[in-house]
Amino acid sequence: MTGQVTPPGSPRLAEIFDRLSQQLLDEHPEDHRGRMLSSPGLTTAGRFYAFVTGHDLVVKLPAGRVAELIATGAGRPCAPARRGPMREWVRLAPDGEDDCGAYLHEARAFLAATARGCRQDQSTRGA
């Protein structure tokens, strides 16, 4: 993804995340803020799809997309202490607010689609 590079003195990633989070919450009132790995994050359908830690935006995406982002150097594996890499999570250093927003929307769309699929599977099991 390309976007406007955050120049020195611009808001930090946490501030950008906070601002974009509020926009997403306004668009999707069913989403919520929460804490994941002691960091501020966003949930939909009760599951996290993004959080910020240090200088990284961490998002949940399909495993193939995560592998692509890591292979191109755009992302790094998300591997919490004492655990191996999480195959559907990637650490990113977005080039500014546009990139950060694009990754957040991509992660939310992935998780929302996954949640819809789970609900549909559960409703057809009882039939």
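In this structure, ARG87 does not satisfy being at positive phi, among the charged types (D, E, K, R) and not in a helix (DSSP H, G or I). Considered as a group, the residues in the range 61-84 that are small (Gly, Ala, Ser) and not in a loop (DSSP other than H, G, I, E, B) include one that is surrounded by the most Cβ atoms within 10 Å (Cβ to Cβ), and that residue is GLY75. Has the range 58-81 got any residue that is more than 11 Å from the chain's Cα centre (by Cα), closer than 20 Å to ALA109 by Cα and acidic (Asp, Glu)? Checked the range 58-81: at least one residue is more than 11 Å from the chain's Cα centre (by Cα), closer than 20 Å to ALA109 by Cα and acidic (Asp, Glu). Does ALA107 fit the bill of being in a helix (DSSP H, G or I), of a type in the set (A, V, I, L, M, F, W, C) and buried (at least 18 other Cβ atoms within 10 Å of the Cβ)? The answer is yes for ALA107. Being within 17 Å of GLU106 (Cβ to Cβ), out of contact with any helix residue (DSSP H, G or I) (no Cβ under 8 Å at 6 or more places or on another chain) and surrounded by 14 or more Cβ atoms within 10 Å (Cβ to Cβ) is the filter here, so list the residues in the range 26-47 that pass it. Hits for the range 26-47 are GLY41, THR43.
When you scan the range 51-60, do you find a residue that is modelled with pLDDT under 95, in a helix (DSSP H, G or I), acidic (Asp, Glu) and under 17 Å from ALA14 (Cβ atoms), even just one? No: the range 51-60 contains no residue that is modelled with pLDDT under 95, in a helix (DSSP H, G or I), acidic (Asp, Glu) and under 17 Å from ALA14 (Cβ atoms).
The values are calculated or read from the model by the stated rules, or taken from the named source; none is laboratory data. Predicted model, so just to flag it, every value in this text is computed and none were measured. Glycine gets a Cβ as well: all are built from the backbone with ideal geometry, and neighbour counts include every protein chain shown.
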